[in-house]
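Some notes on the structure that comes next.
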Ligand SMILES: [Zn+2]
Ligand SMILES: [Zn+2]
């Protein structure tokens, strides 16, 4: 400590021992702040945060800090999770549209086989799935009481 003081004194004649302690203290605080930043950041990004924390302190803060910023994962865990969720939603949407285009959206309520939306009868077990509106000709649910396309009200006896 005396040696450091002597060297510093030759450069800055006005310096006191207290000043040097304050400088050292300040540097330590900066190193710790950087180490904590690295620790938290590495944790959020799923890296080995404790290793990074120790390395940052042992290696004096600045260099490992800069090194860390250069090699850290560009995405936080939350961002990665969000990205995965987005992909899942997109996949589901894609599947949904494929089904729409294919027309294979429904399952036969009786035999469970896949049936297309515009099937009037299940081709596997002959169950009637739809009926044709006698007014507008649209395919509607077998049990519908009103045609959702034209508003025609089906009489109970009307079975087509
Ligand atoms: Zn069926
Ligand atoms: Zn109709």
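The values are calculated or read from the model by the stated rules, or taken from the named source; none is laboratory data. Keep in mind the model is a prediction, meaning the values are calculated, not measured. No Cβ is skipped: glycine too gets one built from the backbone with ideal geometry, and neighbour counts run over all protein chains shown.
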Query raised in the report: Which condition does residue 56 not pass, out of (1) modelled with pLDDT under 75; (2) surrounded by 14 or more Cβ atoms within 10 Å (Cβ to Cβ), if it passes all the others?
Result: (1)
Query raised in the report: over 19 Å from the mean Cα position of the chain (by Cα) and loosely packed, with under 15 Cβ neighbours inside 10 Å - does that describe any residue in the range 73-92?
Result: no
Query - So residue 140, is it under 22 Å from residue 97 (Cα atoms), buried (at least 16 other Cβ atoms within 10 Å of the Cβ), within 14 Å of ligand 1 (Cβ to nearest atom) and under 40 Å from the mean Cα position of the chain (by Cα) - result: no
Query raised in the report: Of the residues in the range 11-26, how many are farther than 21 Å from residue 60 by Cβ and either at pLDDT 85 or above or surrounded by 12 or more Cβ atoms within 10 Å (Cβ to Cβ) (or both)?
Result: 3
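The rows are residues; the columns are (1) touching a helix residue (DSSP H, G or I) at 6+ places or on another chain (Cβ under 9 Å); (2) touching a residue at least 12 places away in the same chain (Cβ under 8 Å); (3) closer than 23 Å to residue 79 by Cβ.
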| residue | (1), (2), (3) |
| --- | --- |
| 11 | no, no, no |
| 20 | yes, yes, no |
| 23 | yes, no, no |
| 30 | yes, yes, no |
| 37 | yes, yes, yes |
| 45 | yes, yes, yes |
| 48 | yes, no, yes |
Query - Whichever residue in the range 93-113 is more than 10 Å from ligand 1 (Cβ to nearest atom) and either surrounded by 12 or more Cβ atoms within 10 Å (Cβ to Cβ) or modelled with pLDDT of 90 or more (or both) and, among such residues, is farthest from residue 156 (Cα to Cα) - result: 99
Query raised in the report: surrounded by 13 or more Cβ atoms within 10 Å (Cβ to Cβ), modelled with pLDDT of 85 or more and within 16 Å of ligand 1 (Cβ to nearest atom): does that describe residue 116?
Result: no
